[in-house]
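**Student:** The structure under discussion is supplied below as structure tokens; questions concerning it will follow.
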Amino acid sequence: MSAGENTETLVRVEEIQGRGRGLVSTQPLRGGQIVLIDSPILLYSALPLTKQQHSTFLYCDKCFKTIQSASVSCPTCSHQRFCSPTCLSAALASSHAPWVCQSLSRLRDCQDFLQHHSVERQIQAQFLVAAYNLAFVSPSDFQILLSLQGRAEDEDRAIVQSLHSVISSLCPPPPIEGLSFSLELIAALVAKDRFNAFGLMEPLNLNEENGGQRSVRAYGIYPKASLFNHDCLPNACRFDYVDTNNSGNTDIVVRMIHDVPQGREICLSYFPVNSNYSTRRKRLLEDYGFTCDCDRCKVEATWSDDEGDGDDNEVMEEDVDEPMEAESNGEEIDNDNSADFPHAYFFLRYMCNRNNCWGTLAPFPPSDAKPSNLLECNACGVIKNDEVC
């Protein structure tokens with residue numbers, strides 16, 4: 001997918017007061033404008049070892065596309081599946097090198113590990129195998145991984161020791177000059193993964209009994225995209241197109257939801273924002289280690305407990321400027337309602353209204369400086385005609 005322009009010039013890294021590094025617009029940006037296309041330096045399966053061959057969908061273990069027809073298996077372990085001989089050959093030379101193949105097989109065959117470790121630990125073990133392999137196949141990318149946000153001292157030492165013990169005993173990594181497979185390295189890698197991994201989602205089935213919830217098919221480390229800070233009212237959202245035939249199918253594309261001026265921080269929501277205040281606050285603190293004080297949280301923190309703990313599917317994402325933008329577009333805003341819920345305009349315009357979806361709608365990129373009136377959902381992919389644009 002082409003951005004149509006050099007996206008590197010649209011944002012720059014700045015220190016944001018109280019938030020660390022972030023990405024700020026270098027010029028006014030239009031709704032739908034692509035501000036970043038990023039490729040992963042590391043990809044690994046998000047499926048637990050016990051369920052990789054029993055998922056509703058079968059994914060290529062190299063490009064993670066959904067396998068629609070006959071697959072090609074690893075000739076050594078037969079567990080890893082690939083969508084084509086091309087992906088198999090590429091994996092055998094990189095992400096599924098001999099030590100990775102042997103390590104995943106041993107982890108999968110160890111009943112003690114599978115029975116006494118949670119799904120989360122199984123996935124973390126797969127990440128550590130993939131990360132250590134990265135040090136072999138691409139030392140420069142491994143150093144980029146180590147440079148990302150995430151402090152080793154913040155990780156649970158018991159979990160770190162458990163993961164170190166499992167991998168050291170079942171699949172001891174071969175020596176790498178200047179690199180020791182130590183507790184400190186494990187803690188650092190786990191921290192980098194927790195703070196920087198993006199999930200590539202499974203296809204969305206809106207008719208599922210679980211209310212349209214979908215799982216992650218793979219996790220990826222995207223160095224540039226990891227610089228986006230969180231906001232419960234984001235002004236941009238990310239799209240992935242894993243099941244396309246493009247060679248860069250695991251790239252993520254970040255598009256503006258609406259116009260922003262020069263100098264504005266560009267933020268994503270780290271999760272679907274159809275959650276209430278207490279749920280968001282708990283998740284951000286537990287998963288990312290901070291308490292959000294964005295404009296949406298400041299408003300919702302003043303609501304009563306009953307108002308703040310409604311259905312998680314009642315709200316979505318926005319930027320605080322949006323109600324003012326609505327006025328400039330000639331739309332009337334209910335001032336009485338906006339005082340209590342100033343984000344209402346955004347939710348009406350940019351929340352996907354398909355049953356059980358709750359995705360975010362963003363315009364397609366402008367064409368010849370003219371804004372698009374077509375909005376795309378980043379969850380279900382539906383396209384909506386927006387006459388206001």
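**Student:** Go through region 9-32 residue by residue and tally those that are among the hydroxyl-bearing types (Ser, Thr, Tyr) and in a strand (DSSP E or B).
**Tutor:** Result for region 9-32: 1.
**Student:** State whether one or more residues within region 33-42 are assigned to a loop (DSSP other than H, G, I, E, B) and either in contact with a helix residue (DSSP H, G or I) (Cβ under 7 Å, 6 or more places away or on another chain) or more than 25 Å from SER215 (Cβ to Cβ) (or both).
**Tutor:** Among the residues of region 33-42, at least one is assigned to a loop (DSSP other than H, G, I, E, B) and either in contact with a helix residue (DSSP H, G or I) (Cβ under 7 Å, 6 or more places away or on another chain) or more than 25 Å from SER215 (Cβ to Cβ) (or both), which makes the answer yes.
**Student:** OK, next. Residue by residue through region 276-306, note down the ones that are in contact (Cβ under 8 Å) with a residue 40 or more places away in the chain and either touching a Pro at 6+ places or on another chain (Cβ under 6 Å) or open to solvent by less than 20 Å² (accessible area, probe 1.4 Å) (or both).
**Tutor:** ARG280, LEU284, CYS292, CYS294, ARG296, CYS297
**Student:** Then there's this: Got a sec? Which strands (runs of 3 or more DSSP E) wholly within region 342-389 have at least 1 residues that are of a type in the set (Lys, Arg) and touching a strand residue (DSSP E or B) at 6+ places or on another chain (Cβ under 7 Å)?
**Tutor:** Answer list for region 342-389: 383-385.
**Student:** Look through region 345-383, keep the residues that are in contact (Cβ under 8 Å) with a residue 12 or more places away in the chain and among the basic types (Lys, Arg), and return whichever of them is surrounded by the fewest Cβ atoms within 10 Å (Cβ to Cβ).
**Tutor:** ARG354
**Student:** Moving on to the next point. When you scan region 216-310 for helices (runs of 4 or more DSSP H) that lie fully inside it, which ones turn up with 2 or more residues that are closer than 25 Å to LEU204 by Cβ and out of contact with any helix residue (DSSP H, G or I) (no Cβ under 9 Å at 6 or more places or on another chain)?
**Tutor:** Because the criterion is at least 2 residues that are closer than 25 Å to LEU204 by Cβ and out of contact with any helix residue (DSSP H, G or I) (no Cβ under 9 Å at 6 or more places or on another chain), the helices (runs of 4 or more DSSP H) in region 216-310 that meet it are 277-288.
**Student:** Another question, if that's okay. Are any residues in region 155-189 part of a loop (DSSP other than H, G, I, E, B) and under 20 Å from PHE136 (Cα atoms), and if so, which ones? Full working, then the answer.
**Tutor:** Taking region 155-189 and keeping what is part of a loop (DSSP other than H, G, I, E, B), we get 155-156, 171-175, 177-178, 180-182.
Of everything in region 155-189, those that are part of a loop (DSSP other than H, G, I, E, B) and under 20 Å from PHE136 (Cα atoms) turn out to be CYS171, PRO172, PRO173, PRO174, PRO175, GLU177, GLY178, SER180, PHE181, SER182.
Yes or no, residue by residue, for (1) without any contact (Cβ under 8 Å) to a residue 24 or more places away in the chain; (2) under 16 Å from GLY381 (Cα atoms); (3) out of contact with any Lys or Arg (no Cβ under 7 Å at 6 or more places or on another chain):
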position	(1), (2), (3)
LEU227	no, no, no
HIS230	no, no, yes
CYS237	no, yes, no
ILE257	no, yes, yes
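The values are calculated or read from the model by the stated rules, or taken from the named source; none is laboratory data. Since the structure is predicted, the reported quantities are computational estimates derived from the model, not experimental observations. Using ideal geometry, Cβ is built from the backbone for each residue, glycine included, and neighbour counts are taken over all protein chains shown. Heads up: the accessible areas ignore ligands, DNA and RNA and are worked out on the full protein's heavy atoms, side chains in. Shrake-Rupley method; radii C 1.70, N 1.55, O 1.52, S 1.80 Å.
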